[in-house]
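Reading through the structure tokens given below for one structure.
Every number here is computed from the coordinates shown, using simple stated rules; none is lab data. Fair warning: this is a prediction, and the values are worked out from it, not measured in the lab. All Cβ positions, even for glycine, are placed from backbone atoms using ideal geometry, and neighbour counts span all protein chains on display.
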Amino acid sequence: MPREQGRDVEAMRESRPVLVSVNDVSMAYNGAYAVRSASFDLERGRFLTILGPSGSGKTTLLRLIAGFGRATSGEIFINGQPVSAVPPHKRSIGMVFQRLALFPHLTAAENVAFPLKMRRHDATTIAGKVTRFLELVKLGGLGGRRIHELSGGQQQRVAIARALVFEPDLLLLDEPLAALDRKLREDMQLEFRRIQRELGVTTINVTHDQREALVMSDEVIVMDAGKIQQKARPAETYRNPRNAFVANFIGVTGFVEGTATSVSGGLVRMSHGNVELAGIMAGDAAPPRIGQSLVGAIRAEQVRIAADRRQLGGLDTIVTGEIAEAIFEGERIVYEVRVAALGGVILRVFDHDPAEHSQFEPGAHVSLGWNASDVRLYGMD
Amino acid sequence: MTAPRSKSIVLWTFVISVLVLLSAPTIVVIGASFTSGNMIAFPPEGLSLKWYAKIAQATELWDAFLRSLYAAAICTIIAIPAGTLAGIALAKYPIRFATSVQMYLLLPFTIPLIGSGIGLMLVFGEARLLGQLWPVGVAVCVINLPFMIWAVSASAASLDPDLELAAANCGAPPLSTFIHVTIPGVMPGIISGSLLMFILALNEFLVSLLLVDARIVTLPVQIYNSIRSIITPDLAAVSVVFVACAVAAVFLLDRLVGLEIFLKSK
Ligand SMILES: Nc1ncnc2c1ncn2[C@@H]1O[C@H](COP(=O)(O)OP(=O)(O)OP(=O)(O)O)[C@@H](O)[C@H]1O
Ligand SMILES: [Mg+2]
């Protein structure tokens, strides 16, 4: 069960009451499952990101929590209460939609006032809160503008203020930053984090941007094909991906295949042809049988590259390869190296040293080295 | 660079001839209404406003005009709620008899007006409502309602469905969502649709002819009756006033919702 993942790490942190509990929820559209048996708990005050490729069921799961549509099976609890019979307008949940869904016939301030009007607050309270929340999102003075008179980033802020102004128990964000350019997106990520900390509101964010997930979240859920693949803290997700999908989806990862030859302590040895490899079984997986097929995942930043294997002292696994591609990315160069001895697999390597830039041209013969302790092994079924 | 030029000459000639063709009847009528002679003629013989002065005093014309306004108002008042609800329902919900509804929306173009007019005459005659004015408004509304439904459903179809979810998320129960979000969202459709209904009702001739009697004729029927005896320039002047009303409505439309919205039927 995904929810068992990282339990010990959880226990080390202060524990807080659970706000949202998703219990074995499935959602099918005309028989096709968009979400399958999803289960997780989210504690009050935490920032959770649901990360996954397009079509993995992120929006579907988020909308079920918001109350738009009913799960095919399973139940969602908020504050310990089952909510499947509670209509969306009676759930205290603020949401920022992917396309914002601001009311075009109202001004920015009227948009922010809308949830308060619907809750029948009196005019003075409304005016005060609207001012306060417009200032919180740094839009003081722009309240009188129509939505189409605001820039994309400003509209984003109005949507945030509207979702927060009634101080909901839970904030849902459905990729609200996806449409922004990179610079603005990164600014808004920090902005979200600041506001979330300031108000302490429990938040579920959906994205397919792994960087955003790692930067913003207390916890990350990785989804694929409607299933939760892993739920853990960002660093844990990055360092100990629970399966090959997560390893591939987060970070730049190379995969080598082999057959288990021996198990000693945590270290598993395997061979690919006449190349000896080793690694550590990922997560809480049982040790492999001898002869079992395994796949090892190695991060690009944990592989070192050199013209000669003698320059790779201290690394316990060394292979030779040929540069297939050298990609200049500004602050670093990414080499794609074809390793013939491993069946022609492509391994990617980062080179961050500007002085050494374009040291290798495509076609050059190089040595790659890494440590077996950085290789995560997954059984192939 | 001659090719683009000759192309633009052809294009402009075409555009101008179409414009002339479209506006010719109006120009002729406007010109004829300013004549100082006693016969309707284009170009007019001399210029004067005497025919306008004449129609200003022609009480039977004014009464007919007011009756037309009254019928058009009745038609619009019924069309706004009926057409709005039907248009929204059509655009937003999977309707069981979608094809039949689509057929109904084509009615104004397929059923000859004289056919539906006679049908309505029979219905109202049976109900002993002939000889009154308000049934004319109702009848015109029934016949032209598809235009209103069209305008509203086009507006509703282009409405972001997330807006209503967002309203619910903000705590608005379904009725408040409808009033505060859906209705303002389809307002351009409601305004353009109801202005269209008003103008169509104001201009309606055939149905009025069938449903009214001599005491309560609407303006187009009144004009028609006058033409049968003798065509005098005062009828041209009345037509110009009519055209002016239509132009005013279009101007109003432009000020309220913007013509580009109307043209895209958004
Ligand atoms: N209303 C619907 N009717 C039928 N199928 C749907 C509907 N909404 C979503 N799906 C299907 O459910 C699956 C999950 O969709 P969902 O929108 O949850 O994906 P997502 O993870 O949010 O993707 P993205 O990153 O592209 O937004 C997809 O295969 C999609 O085609
Ligand atoms: Mg989505």
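For the range B:96-175 and the range A:80-117, compute the distance between their C-alpha centroids and round to whole Å.
The two parts, judged by their Cα centres, are 32 Å apart.
Taking beta carbons within 10 Å but only from partner chains, what does the mean come to for residues A:61-68?
Mean shielding count: 2.
Determine the relative contact order of chain B: mean sequence separation of Cα pairs under 8 Å and six or more apart, normalised by residue count, in whole percent. Each step should come with its number before you reach the end.
On the way: 310 pairs, mean separation 77.3, N = 266.
Normalised by residue count, the contact order of chain B is 29 percent.
For a quick check of your reading of the filter: which trypsin sites (Lys or Arg not before Pro) in the range B:61-107 sit in a DSSP loop and have no more than 15 other Cβ atoms within 10 Å? Don't skip to the end; give the middle numbers.
Values: sites: B:ARG67, B:LYS92, B:ARG96; in loops: B:ARG96.
Passing both the DSSP loop test and the Cβ count: B:ARG96.
Collect residues whose amide H, placed 1.01 Å from N in the peptide plane, falls under 5 Å from the amide H of A:SER84; neighbours closer than 5 in sequence don't count.
Amide H neighbours of A:SER84, under 5 Å, 5+ apart: A:ILE76.
Using only the alpha-carbon atoms of the range A:252-379 as identical scatterers, what base-10 log of I(q)/I(0) does the Debye formula give at q = 0.10, 0.14, 0.16 Å⁻¹?
-0.31, -0.59, -0.75
Decide, for the range A:218-318, between rounded, prolate and oblate: order the square roots of the alpha carbon gyration tensor eigenvalues as a ≥ b ≥ c, take rounded if a/c falls under 1.5, and otherwise choose prolate if a/b is larger than b/c, else oblate.
Details: a/c = 2.19, a/b = 1.38, b/c = 1.59.
Since a/c reaches 1.5 but b/c is at least a/b, the shape of the range A:218-318 is classed as oblate.
Under a 10 Å cutoff between Cα atoms, tell me which one of B:PHE124, B:PHE109, B:PHE65 has the largest fluctuation in the Gaussian network model of chain B.
Residue with maximal mean-square fluctuation among B:PHE124, B:PHE109, B:PHE65: B:PHE109.
Which ³J(HN,Hα) values in Hz, rounded to whole numbers, follow from the phi angles of the range B:56-63 under the Karplus curve 6.51 cos²θ - 1.76 cosθ + 1.60, where θ = phi - 60° and Gly and Pro get x?
With coefficients 6.51, -1.76 and 1.60, one gets 4, 9, 6, 5, 5, 5, 5, 4 Hz.
Hey, what did chain A get for relative contact order, percent, Cα under 8 Å, at least 6 apart?
Rounded, it is 15 percent for chain A.
State the cysteines of chain B left without a partner when partners are defined as other cysteines whose beta carbon lies under 4.7 Å away.
B:CYS170, B:CYS245
Set the Förster radius R0 to 56 Å, insert the Cβ-Cβ distance between B:ASP63 and A:ALA179 as r into 1/(1 + (r/R0)^6), and round the FRET efficiency to 0.05. Could you put the intermediate results ahead of the total?
Values: r = 60 Å, r/R0 = 1.07.
The pair B:ASP63/A:ALA179 has a calculated efficiency of 0.40.
List the trypsin sites (Lys or Arg not before Pro) within the range A:222-290 that DSSP assigns to loop and that have no more than 14 neighbouring Cβ atoms inside 10 Å.
Working: sites: A:LYS227, A:LYS231, A:ARG239, A:ARG242, A:ARG269, A:ARG289; in loops: A:ARG242, A:ARG289.
The qualifying sites are A:ARG289.
Sorting A:VAL86, B:VAL240 on the 10 Å Cβ count, fewest up front, what's the list? Walk me through the intermediate numbers first.
On the way: A:VAL86 14, B:VAL240 20.
Ascending Cβ contact count within 10 Å gives the list A:VAL86, B:VAL240.
Treating each Cα of the protein assembly as shown as an identical point scatterer and ignoring solvent, apply the Debye formula and state log10 I(q)/I(0) at q = 0.06, 0.08, 0.11 Å⁻¹.
So the normalised log intensities are -0.57, -0.82, -1.12.
Give me the net charge of A:MET27's neighbourhood, meaning all other residues with Cβ under 10 Å from the Cβ of A:MET27; Lys, Arg count +1, Asp, Glu -1. Let's see the in-between values first.
Numbers: positive: A:ARG36, A:ARG63, A:ARG70; negative: none.
Neighbour charge sum, excluding A:MET27 itself: +3.
Between A:GLU219, A:GLU149, A:GLU236, which gets the highest mean-square fluctuation from a Gaussian network model of chain A, Cα cutoff 10 Å?
A:GLU149
May I ask you to list the trypsin sites (Lys or Arg not before Pro) in the range A:38-74 that are in a DSSP loop and have at most 15 other Cβ atoms within 10 Å of their Cβ? Let's see the in-between values first.
Numbers: sites: A:ARG44, A:ARG46, A:LYS58, A:ARG63, A:ARG70; in loops: A:ARG44, A:ARG46, A:ARG70.
Within the range A:38-74, the qualifying trypsin sites (Lys or Arg not before Pro) (loop, at most 15 other Cβ atoms within 10 Å) are A:ARG44, A:ARG70.
Hey, in the GNM for chain B with a 10 angstrom Cα cutoff, which one of B:LEU256, B:LEU206, B:LEU22 fluctuates hardest?
Highest fluctuation among the options: B:LEU22.
Give me a single rounded figure for A:92-102: the average over its residues of other chain Cβ atoms within 10 Å of their Cβ. Each step should come with its number before you reach the end.
Working: counts 1, 2, 3, 6, 2, 6, 1, 4, 4, 11, 4.
Mean shielding by partner chains, rounded to a whole number: 4.
Calculate the mean, over all residues of peptide A:158-165, of how many other protein chain Cβ atoms lie within 10 angstrom of the residue's Cβ. Intermediate results must be reported in sequence, preceding the final value.
Numbers: counts 0, 1, 0, 0, 3, 3, 0, 1.
Mean partner shielding for this stretch: 1.
Would the range B:192-251 count as rounded, prolate or oblate if I go by the C-alpha gyration tensor, calling it rounded below 1.5 in a/c and otherwise prolate when a/b exceeds b/c, oblate otherwise? If you can, show how the numbers build up before the last one.
Working: a/c = 3.36, a/b = 1.32, b/c = 2.55.
Oblate, because a/c is 1.5 or more while a/b does not exceed b/c.
For the range B:58-265, what is Rg from Cα atoms divided by 2.2 N^0.38 Å, rounded to two decimals?
Details: Rg = 19.3 Å, N = 208, 2.2 N^0.38 = 16.7 Å.
Normalised Cα radius of gyration, the range B:58-265: 1.15.
Report, largest value first, the span of the C-alpha coordinates of chain A along each principal axis, in whole Å.
Between the extreme Cα coordinates on each principal axis of chain A lie 77, 46, 42 Å.
Using alpha carbons only, what's the Rg to Rh ratio of the range A:155-225 with Rh from Kirkwood? Mind showing how you got there, number by number?
Working: Rg = 11.9 Å, Rh = 12.7 Å.
So for the range A:155-225, dividing Rg by the Kirkwood Rh gives 0.94.
Just want the ordering: A:VAL165, B:VAL10, from fewest to most Cβ atoms lying within 10 Å of their own Cβ.
Working: A:VAL165 26, B:VAL10 10.
Starting with the residue having the fewest Cβ neighbours, the order is B:VAL10, A:VAL165.
Using only the Cα atoms of the range B:161-215, what semi-axes does the equivalent ellipsoid have when each is the square root of 5 times a gyration tensor eigenvalue? Give whole Å, largest first.
Values: eigenvalues 329, 24, 9 Å².
Semi-axes, largest first: 41, 11, 7 Å.
Among bridges DSSP assigns within the protein assembly as shown, what percent are antiparallel (round to 5)? Show your work: numbers first, answer last.
Details: 66 of 86 bridges.
Around 75 percent antiparallel, to the nearest 5.
How much length is gained on full extension from A:ALA324 to A:ARG70, taking 0.36 nm per residue of separation minus their Cα-Cα distance?
Details: separation 254, 0.36 × 254 = 91.44 nm, distance 5.01 nm.
Answer, rounded to one decimal: 86.4 nm.
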